[in-house]
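As structure tokens, the structure follows; a few thoughts come after it.
The values are calculated or read from the model by the stated rules, or taken from the named source; none is laboratory data. Predicted, not measured: the structure shown is a model, and the values here were computed from it. Note that each Cβ is placed from the backbone with ideal geometry, even for glycine, and that neighbours are counted across all protein chains shown.
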Amino acid sequence: MIPISAHTLLEQLLNLRGVTGGEFSAAQAVADMFRQVGCDAYVDEFGNAIARLAGTGDSPFKLVIDSHLDEIGLMVTGYEDGGFLRIAKVSGVDPKTLPACIVEVQASGDNSIVPGVIGVKPPHLLSEEDRTKTPSFDILFIDTGLADEELKARVKIGDYVTPIQKISYLAGQKVAAKALDDRIGVYAMLLAAQQLQGVDHAIDMYFVASVQEERHDIGPVAVAAEVLPDMVIALDVGFGDQEGTKPGSTSPLGEGLGIGFGPSTKRELSLLLEKVAKDNEVPVHRDVNAGRTGTDKDSFDRTFRGIPSATISMPLRYMHTPAEVVSLKDIDNVAKLLVKLATQDPETLRGALCY
Ligand SMILES: [Zn+2]
């Protein structure tokens, strides 16, 4: 496993501000990271960061690995006297996870970062009725500490807000942070690209850090049009085991990756992923997606003539909270599997396009 001190790149990724729809500067930073590990990379007009590692094969085969770089977050909707801001959620934020969070507002009035805190009443001042209420966006607010006039000059309606979370390593084996969904996918792709430097591979590898996944998986529409992939693998998070969940609904952290099986998944590709994993001692299990997968894969399915695709997932605890948790071992294993996939004979991958 990569020593914790070597995870600087992961920490840089997690600290990028990239709420759905506001990912442009994060995408530029990600494109830069891919250039540093030997890829050609650019940000397309839609905001996706697209990186390419050219293969040496005679007849090009394009394999796209897709991870989304956007994160869930908040948006300013109004002001209250006393330096307070009203907020709404952007994508799947659970308001129960927000009270007492330290946040930062990307203030467009003066292009600065305004720190704030999501305020809550002390328990001493709560009425009996208040004690039974769950937080909702009608009552949540951000306290910036600024005077009203300065607040209105700096922070504008529609500005993005993200939580600030210190990155922690649990027992030296797991990482706890915000935005692990799905920056760990982006990180695993960067590790794979790094490990592929100087390695001969016939197929063209595309590593795509896509935007707007948390808003109906929109980024892949532009990616598909630009890259015209032969095959796609969506790399995202799955539900990790945690206290109190139903048996069978989650997967243990650090014990393997999920390979998706379901009606929309290209079964031959999923079987190939299982085989490559087994041949290279990467532990995997099956994720059954009987309906939609809830990943970018669903969007690739609907582009052009439909693109054969599959999913790889990393189990993650506390999804869509400011303190998500994943295993570093699973991230290493994803990178290993992607490298082994990249070095497959193109004919093997073409075989997975057949029925
Ligand atoms: Zn995700």
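Of everything in region 251-275, what is surrounded by fewer than 21 Cβ atoms within 10 Å (Cβ to Cβ) and either within 16 Å of the ligand (Cβ to nearest atom) or of a type outside the set (Gly, Ala, Ser) (or both)? Give them in sequence order. Scanning region 251-275 gives Pro252, Glu255, Phe261, Pro263, Arg267, Glu268, Leu271, Leu272, Glu274, Lys275.
If you check Gly109 against the conditions, is it under 30 Å from Glu150 (Cα atoms), in a strand (DSSP E or B) and away from the ligand (no atom under 16 Å from the Cβ)?
On the way: under 30 Å from Glu150 (Cα atoms): yes; in a strand (DSSP E or B): no; away from the ligand (no atom under 16 Å from the Cβ): yes.
When the stated conditions are applied, Gly109 does not pass them.
Determine if region 120-139 includes at least one residue that is touching a strand residue (DSSP E or B) at 6+ places or on another chain (Cβ under 9 Å), within 26 Å of Gly22 (Cβ to Cβ), of a type in the set (A, V, I, L, M) and not assigned by TED's automatic domain parsing to the domain that holds Val221. There is no residue in region 120-139 that is touching a strand residue (DSSP E or B) at 6+ places or on another chain (Cβ under 9 Å), within 26 Å of Gly22 (Cβ to Cβ), of a type in the set (A, V, I, L, M) and not assigned by TED's automatic domain parsing to the domain that holds Val221. Just one residue in the set Leu228, Leu257 is at pLDDT 90 or above, more than 19 Å from Thr343 (Cα to Cα) and under 21 Å from the mean Cα position of the chain (by Cα); that residue is Leu257. Answer yes or no as to whether Ser264 is in contact with a Pro (Cβ under 6 Å, 6 or more places away or on another chain), modelled with pLDDT under 95 and hydroxyl-bearing (Ser, Thr, Tyr). So Ser264 fails the test.
Here Ala234 fulfils each of the conditions (1) surrounded by 17 or more Cβ atoms within 10 Å (Cβ to Cβ); (2) under 12 Å from Ser299 (Cα atoms); (3) out of contact with any Lys or Arg (no Cβ under 7 Å at 6 or more places or on another chain) apart from (3).
Restrict the check to region 205-221 and report whether at least one residue is more than 16 Å from the ligand (Cβ to nearest atom), closer than 22 Å to Ala27 by Cα and hydroxyl-bearing (Ser, Thr, Tyr). Yes, region 205-221 contains at least one residue that is more than 16 Å from the ligand (Cβ to nearest atom), closer than 22 Å to Ala27 by Cα and hydroxyl-bearing (Ser, Thr, Tyr). Within region 276-300, the set of residues being within 16 Å of the ligand (Cβ to nearest atom) and surrounded by fewer than 19 Cβ atoms within 10 Å (Cβ to Cβ) comprises Arg292, Gly294.
Conditions tested, residue by residue: (1) without any contact (Cβ under 8 Å) to a residue 40 or more places away in the chain; (2) farther than 23 Å from Gly38 by Cβ; (3) not assigned by TED's automatic domain parsing to the domain that holds Val93.
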site	(1), (2), (3)
Arg183	no, no, yes
Gln194	no, no, yes
Gly198	yes, no, yes
His201	no, no, yes
Ala222	no, yes, yes
